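Structure first, commentary second.
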Amino acid sequence: MLLTGAKDNQLRESNSQKVHPQPMEEAMNQKPEAVEGLISNLFVNISSLKSAYIQLQGAHTPYDPEKIQVADKLVISELKKLSEIKHFYRENNPKPVCVSPQDSRLAAEIQEQQSLLKTYEVMVKKFQSEIQNKDSEILQLQHQIEEANQKKVKLEKNLKLRGLSMKESQGSVDENGDFPVDLTPDLFISAVEGAFKAIHDFSKPLINMMKAAGWDLDAAANSVESNVVYSKRAHKKYAFESHICQRMFCGFQHESFSIKVDNHALTKEDFFRQFLSLKDMDPLDMLGQNPDSIFGQFCRTKYLLVVHSKMEASFFGNLDQRNHVVGGGHPRTPFYQVFLKLAKAIWLLHSLAYSFDPTVKVFQVKRGNEFSEVYMDSVVKNLIVGENDPKPKVGLMVMPGFLIGGTIIQSRVYLSGVRVAE
């Protein structure tokens, strides 16, 4: 730091350039005014330090990082100037053996200013620590903002994929802003598995009731598809599963599922909303709220198609349940409730298929088609096919296949005349 005096230009030439002054003792002996200039300069710098300190305090209320940095640099600059004054004074003014009262007063003032200087240094360190803490808080907030933006992008992506508006989806998001399910091929594959299981589950009571009614199961299986060579007699259950599948998937390729209703113009948004609203509900409870809904009409139509009147008469000895369905009702009998689980599974699969863009395509395979490992999956796994044996052929289609974008979901088939490992 450079020293300035009212009458001494030898100590300083400018604010940015130091000069080498003559020894302090010689300066004091020749020009006592130099000491006054030194003290005056000291007071000026103390005042500047106070001003810088006040500026630093003001930058904290309100908190302004840029102003704090400017004020902090100014305080440090003034501290350096005071430090230079102290070193200059000590180097050029040896401690006298005898001091006058005037010198004692000057020394006391210098000591007071040095104590004040230490106080400012402590405060500056405190403010620097606070600045570091604020910077750390800013980084944490920036990180939180970045995470929130990522969640927002994910949420917007889900909204776009599903075709749902934010207002309509507020009740379908979790605490992280995500939907409970994502519209993906995996979700559709899971729905296909659910539909296949529902067909199998409904076929069990159907076959048991046929047995109880004294039906000839061999003849019944042959009536579904004749001349199928079954590897085991137990495999004839697949004939009944095929019968159920053919009836339930009839019209699946149409948006209305071949249900005749007025103004059945649904968007992909509407189809996915149907899926979400029904997937966790008991179908009988839903029909109790609105028995004449599209789903209710679907259930009635499919029940009358799957369960023939002669079959029902032999099961129950009357057609009371059938008449109740024809009249627009949904009986609470155990048999009809099992059927509703099947109807719900197929309805969910159809709603989900039309939620995608482009729509999921369904494909069937006919009896006599050669087995294709790409498009078909055998419901019987322990098959024996020799190298010289003819390529297996389809005897029954138990479940259709689906095309979802570039993904193939294989059709499930029973192969006729193929040996099975014991």
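Ignoring ligands, DNA and RNA, how do Trp347, Trp215 rank by accessible area with a 1.4 Å probe, largest first?
The most accessible residue leads, giving Trp215, Trp347.
Once a ≥ b ≥ c are taken as the square roots of the eigenvalues of the Cα gyration tensor of segment 271-408, is the result rounded (a/c under 1.5), prolate (a/b larger than b/c) or oblate (a/b not larger than b/c)?
oblate
For a 31 Å ceiling on Cα separation, which of these pairs sit above it: Lys50/Lys134; Lys154/Lys197; Lys268/Lys391; Lys268/Lys302?
As for pairs spanning more than 31 Å Cα to Cα, those are Lys154/Lys197; Lys268/Lys391.
With the dipole of segment 203-263 worked out from charges on the C-beta (+1 for Lys and Arg, -1 for Asp and Glu) around the Cα centre, which of Asn208, His254, Ala221 lies farthest toward the positive end?
Asn208
How much of Glu112 can a 1.4 Å solvent probe reach, expressed as accessible area in Å² and rounded to 10?
120
At a 1.4 Å probe, what is the % contribution of carbon and sulfur to the accessible area of segment 279-422?
50
For segment 227-290, with every protein chain kept in place, what is the accessible area per residue (1.4 Å probe, Å²)?
Averaged over the residues of segment 227-290, the accessible area is 53 Å².
For Glu146 and Ala313 in one chain, what is 0.36 nm times their gap in residues minus the Cα-Cα distance, to one decimal in nm?
53.5 nm
Collect residues whose amide H, placed 1.01 Å from N in the peptide plane, falls under 5 Å from the amide H of Arg412; neighbours closer than 5 in sequence don't count.
Asp377, Val398, Met399
Give me the accessible area per residue for segment 328-422, probe 1.4 Å, as a whole number in Å².
48
The values are calculated or read from the model by the stated rules, or taken from the named source; none is laboratory data. Predicted, not measured: the structure shown is a model, and the values here were computed from it. Neighbour counts run over all protein chains shown; Cβ positions are idealised from the backbone, glycine included. Heads up: the accessible areas ignore ligands, DNA and RNA and are worked out on the full protein's heavy atoms, side chains in. Shrake-Rupley method; radii C 1.70, N 1.55, O 1.52, S 1.80 Å.
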